[in-house]
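Asker: This is the structure I have questions about; it appears just below.
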Amino acid sequence: MVAYVSVCGIFDCKTCVHRIRNRCMGCLQGNALMAAHAERQCAVYECTRYHNVTRCNECTEPVCPFTKSPEMVCPVRAQFEKRRTYGRKISDYYSNRQPLGQDVSLVYKRLDKAISRLPWYLFAVQEFINHGVERVSSEDISRKVGVKPWLVRRDLSQFGEFGRPSLGYETELLRKSLAQILHLTVPRNIVWVGAARIEADKSLLGRFAKHNYQVAAIFDADLSRAPEMIGGLKVYPIAEILGKIEELGAEVAIIATPTDDAQIVADILIGAGIKGILNLTSTLVTAPNDVCVTNVDVVAELFALSYYCGLTSR
């Protein structure tokens, strides 16, 4: 009697219609037959054999090699499963397999580029909602953001299943899902250092608040040149950063100071307990490994734009 055991754990072999119709022999028998004919075996099955386990849920490896590889790893299933459907299932399953409490730094590194695009997907979806659109496709989002449709689908599939083939995505559901992924559902206090930048564009305060980021305090090194109030917020001297951050419980800071002051301010913020820094100066701010720093320089972005403009002009 054939023992039907799903090695990957995604499918319930006992009730599977493909097994009932004799379209699948099961992972163990199917791969044994392919091995006998010198055919390519299921990559997940080969992985379990390599780690000497029967099923994936017995594996103790901290990072799964298939977590961000939703390609067709199973040649048997490929005979009767659509590529996109199977790819979504295996991506969702392995994305949720990461054990809690283990090092996921490698997974995060693979997600970095996708995460950088998620805010733009959110902005695009919000614009569709503002125009009363209830359902969109990956092609609709791609045209708004300026990327390929397959990249939109791949990025979103790494965080869950939000749409259906041929039906697309419900805009409100996708907006809420993206907000949850980016942790925008929990209100956060942030501090801003460098009054001139935010004084020039007070609309930033409203945009932050719209996404649950409240600028709770503004600091500047030279109060003689800075206004006393910006958007109803008092401007404090940098010397008061430590006390105010402890009072507000802020974990994120934005640095928009003169270039020469950026690293000094960053050191003060880190010493005050800040865990995330958005650096808007041209200085590459360095920080300990447990502090996340994002450096945004308009000149560096212009360099990248220049490269792509050069390609199109050839």
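The values are calculated or read from the model by the stated rules, or taken from the named source; none is laboratory data. As the structure is a computational prediction, the values presented were derived from the model and not from experiment. In this analysis, Cβ positions are derived from the backbone assuming ideal geometry, glycine residues included, and neighbour counts consider all displayed protein chains.
Asker: Could you please tell me which pairs satisfy a Cβ distance under 6 Å, a separation of 6+ or placement on different chains, a first residue in region 276-297 that is closer than 20 Å to I115 by Cβ, and a second residue that is among the hydroxyl-bearing types (S, T, Y)?
Answerer: Correct list of pairs: L278/T294; D297/S282.
Asker: So A304 passes all but one of these: (1) closer than 15 Å to N189 by Cα; (2) aliphatic (A, V, I, L, M); (3) in a helix (DSSP H, G or I). Which condition number does it fail?
Answerer: (1)
Asker: It is to be established whether one or more residues within region 277-290 are surrounded by 14 or more Cβ atoms within 10 Å (Cβ to Cβ), within 16 Å of R188 (Cβ to Cβ) and not basic (K, R).
Answerer: yes
Asker: Pairs, please: C-beta under 8 Å, at least 6 apart or cross-chain, first residue free of Cβ contacts under 8 Å to residues at least 40 places away in the same chain and in region 139-150, second charged (D, E, K, R)?
Answerer: Between residues of region 139-150 that are free of Cβ contacts under 8 Å to residues at least 40 places away in the same chain and residues that are charged (D, E, K, R), the close pairs are S142/K148; K144/E127; V145/R117; V147/R117; P149/E139.
Asker: While we're on this one: Keeping to region 215-238, report how many residues are of a type in the set (K, R) and closer than 12 Å to G194 by Cα.
Answerer: Residues in region 215-238 being of a type in the set (K, R) and closer than 12 Å to G194 by Cα: 1 in total.
This table checks each residue for (1) within 30 Å of T257 (Cα to Cα); (2) of a type outside the set (D, E, K, R).
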| site | (1), (2) |
| --- | --- |
| D112 | yes, no |
| S116 | yes, yes |
| A124 | no, yes |
| N130 | no, yes |
| S157 | no, yes |
| S166 | no, yes |
| E172 | no, no |
| P187 | yes, yes |
| V191 | yes, yes |
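Asker: Considering region 257-266 alone, what residues qualify as being surrounded by fewer than 23 Cβ atoms within 10 Å (Cβ to Cβ) and not β-branched (V, I, T)?
Answerer: P258, D260, D261, Q263
Asker: Separate question: Can you tell me which residue among K176, K210 is closer than 22 Å to G276 by Cβ and basic (K, R)?
Answerer: Just one listed residue meets the conditions, K210.
Asker: Now a separate question. Only one residue in E240, E251 is touching a Lys or Arg at 6+ places or on another chain (Cβ under 8 Å), among the acidic types (D, E) and surrounded by fewer than 17 Cβ atoms within 10 Å (Cβ to Cβ), so which one is that?
Answerer: Residue meeting the stated conditions: E251.
Asker: So F159 passes all but one of these: (1) in a helix (DSSP H, G or I); (2) among the hydrophobic types (A, V, I, L, M, F, W, C); (3) outside the structural domain of A253 (by TED's automatic domain parsing). Which condition number does it fail?
Answerer: Among (1) in a helix (DSSP H, G or I); (2) among the hydrophobic types (A, V, I, L, M, F, W, C); (3) outside the structural domain of A253 (by TED's automatic domain parsing), F159 violates only (1).
Asker: Output the residues belonging to region 245-275 that are in a helix (DSSP H, G or I) and in contact (Cβ under 8 Å) with a residue 24 or more places away in the chain.
Answerer: Passing the criteria: I245, E246, L248, T259, D261, V265, A266, I268, L269, G271.
Asker: Also, quick follow-up: Exactly one condition in (1) at pLDDT 90 or above; (2) of a type in the set (D, E); (3) surrounded by fewer than 15 Cβ atoms within 10 Å (Cβ to Cβ) is not met by D220; state its number.
Answerer: D220 satisfies all of (1) at pLDDT 90 or above; (2) of a type in the set (D, E); (3) surrounded by fewer than 15 Cβ atoms within 10 Å (Cβ to Cβ) except (3).
Asker: Further question on the same structure: Would you pick out the residues in region 187-233 that are touching a residue at least 40 places away in the same chain (Cβ under 8 Å) and assigned to a loop (DSSP other than H, G, I, E, B)?
Answerer: G194, A221
Asker: Among all residue pairs at least 6 apart or on different chains, which show Cβ distances below 8 Å where the first residue, located in region 1-17, is modelled with pLDDT under 70 and surrounded by fewer than 16 Cβ atoms within 10 Å (Cβ to Cβ) and the second is in a loop (DSSP other than H, G, I, E, B) and of a type in the set (V, I, T)?
Answerer: Between residues of region 1-17 that are modelled with pLDDT under 70 and surrounded by fewer than 16 Cβ atoms within 10 Å (Cβ to Cβ) and residues that are in a loop (DSSP other than H, G, I, E, B) and of a type in the set (V, I, T), the close pairs are V5/T54.
Asker: Exactly one of these conditions fails for T294: (1) hydroxyl-bearing (S, T, Y); (2) under 27 Å from the mean Cα position of the chain (by Cα); (3) surrounded by fewer than 19 Cβ atoms within 10 Å (Cβ to Cβ); (4) assigned to a loop (DSSP other than H, G, I, E, B). Give me its number.
Answerer: (4)
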